[in-house]
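Q: This structure is in structure tokens; I'll ask about it shortly.
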Amino acid sequence: MSTILLIEDDQSIADMISIYLSEESYTVHSASDAKQGKRLFQTIDPDVIILDVMLPDMNGIELCREFRANSLIPIMMISAKSEVSERVKALVIGADDYLCKPFSMRELAARTGALVRRSAMSKAAASPPPEPPQAVKLDIEKRSVFVHNVLVETTYSEFEIMKHFWLHPGKVFSREELLNKIRGIDSFVTERSVDVHITNLRKKIESDPKDPKHIKTVWGVGYKFES
């Protein structure tokens, strides 16, 4: 349900707008002056602001300028002033729409809906896309490897190699560098042993060990890990 901030000092007009938009499934918060409108603006995170030009404590045009300096939320100005110069002034300082009084409630609702859609698109564009979940995860303290949140059993040497990859994603390591990480545990390991450990790790974490997506061979150099 979209939220509307209505700033209108004429109580009869404010009530009429609130009732009509509420029946159109909007949540409407009303303010009768600029001070109250600013306070609500900070607390309700509206999708659209409907703002009267003539307010008792501040010109609506100046309030619109303040809102626009801090937010891209769509603003619809409403006013009895129908002169082209007034409408142009409002649009130039940042209003998205201008509706002259008296107006049809149906037209107000239609214009509000258009601004709500614009607001939703702006928020979606401003939000970064969620990062895809990592297929392979490590719990270093518990010495555990998980593939799609399922625990995978590894040997000591396999985990040491995996941990080194995990701490340095994307970095290419030679067989000798990986060998040095496990030589203290297995004094008989050779560079060929590293290849065997890599083969076994691929069988455990790759969906297709013959076409690995995580532990990749860098020909002539060694291996690297991509999450």
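Q: Counting only DSSP beta bridges with both residues in the stretch 1-146, what percent are antiparallel, rounded to the nearest 5?
A: Restricted to the stretch 1-146, the bridges split so that about 20 percent are antiparallel.
Q: Treating cross-link reach as a plain straight distance, find the lysines whose alpha-carbon is under 21 Å from the alpha-carbon of LYS101, omitting any fewer than eight places away in the same chain.
A: List returned: LYS81, LYS89.
Q: Which number comes out as Rg/Rh for the stretch 136-225 once both Rg and the Kirkwood Rh are worked out on C-alpha atoms?
A: Numbers: Rg = 12.2 Å, Rh = 13.1 Å.
Dividing the radius of gyration by the Kirkwood radius yields 0.93.
Q: Would you kindly state the longest site-free stretch of the chain, with sites defined as trypsin sites (Lys or Arg not before Pro) in a DSSP loop (not H, G, I, E, B) surrounded by at most 13 other Cβ atoms within 10 Å?
A: For trypsin sites (Lys or Arg not before Pro) (loop position, at most 13 other Cβ atoms within 10 Å), the longest site-free span of the chain is 1-141.
Q: Taking 0.36 nm per residue of separation and subtracting the Cα-Cα distance, what length does fully extending CYS100 through LYS163 add? Spell out each step's value before the answer.
A: Values: separation 63, 0.36 × 63 = 22.68 nm, distance 6.66 nm.
Working it through step by step, the gained length comes to 16.0 nm.
Q: Note down the magnitude of the dipole of the stretch 3-126 about its Cα centre, charges +1 on Lys and Arg C-beta and -1 on Asp and Glu C-beta and zero elsewhere, to the nearest 20 debye.
A: 420 debye
Q: Can you list which of the GluC sites (Glu not before Pro) found in the stretch 158-227 are DSSP loop residues with at most 15 other C-beta atoms within 10 Å?
A: Answer by residue number: GLU226.
Q: Take the Cα atoms of the stretch 3-126, build their convex hull, and give its volume per residue in Å³.
A: 95 Å³
Q: For MET1 and VAL92 in one chain, what is 0.36 nm times their gap in residues minus the Cα-Cα distance, to one decimal in nm?
A: 29.8 nm
Q: A further question on this structure: Can you compute the FRET efficiency between ILE140 and ASP45 using 1/(1 + (r/R0)^6), with r the Cβ-Cβ distance and R0 = 41 Å? Round to the nearest 0.05. Numbers along the way, then the final one.
A: Details: r = 39 Å, r/R0 = 0.96.
With R0 = 41 Å, the Cβ-Cβ based efficiency is 0.55.
Q: Loop-only GluC sites (Glu not before Pro) in the stretch 52-125, please: DSSP not H, G, I, E or B, and at most 16 other Cβ atoms within 10 Å. Mind showing how you got there, number by number?
A: On the way: sites: GLU62, GLU66, GLU83, GLU86, GLU107; in loops: GLU83.
Sites meeting the loop and neighbour criteria: GLU83.
Q: Express the Stokes-Einstein translational diffusion coefficient of the chain in µm² s⁻¹, to the nearest whole number, given a Kirkwood radius over alpha-carbon pairs, 25 °C and a viscosity of 0.890 mPa s.
A: 110 µm²/s
Q: Students often get this wrong: which residues of the stretch 23-42 have the backbone nitrogen under 19 Å from the point 7 angstrom along Cα-to-C-beta of GLU107?
A: Inside the label zone: nothing.
Q: A follow-up question, please. Which one of ALA110, GLY94, ASN149 is farthest out on the positive end of the charge dipole of the chain, using unit charges on Cβ (Lys, Arg +1; Asp, Glu -1) and the Cα centre as origin?
A: Working it through, the farthest residue towards the positive pole turns out to be ASN149.
Q: Which is the longest stretch in the chain that no exposed loop site breaks, taking sites as chymotrypsin sites (Phe, Trp or Tyr not before Pro) with a DSSP loop state and at most 11 other Cβ atoms within 10 Å?
A: Longest stretch, sites excluded: 1-187.
Q: With charges set only on the Cβ (+1 for Lys and Arg, -1 for Asp and Glu), what does the dipole of the chain come to about its Cα centre, in debye to the nearest 20?
A: Computed charge dipole of the chain: roughly 1020 debye.
We did not get these values from a lab; they are worked out from the coordinates using the rules stated. This structure is a prediction, so every number in the text was calculated from the model and none was measured. Note: ideal-geometry Cβ built from the backbone for every residue, glycine included; neighbour counts use all protein chains shown.
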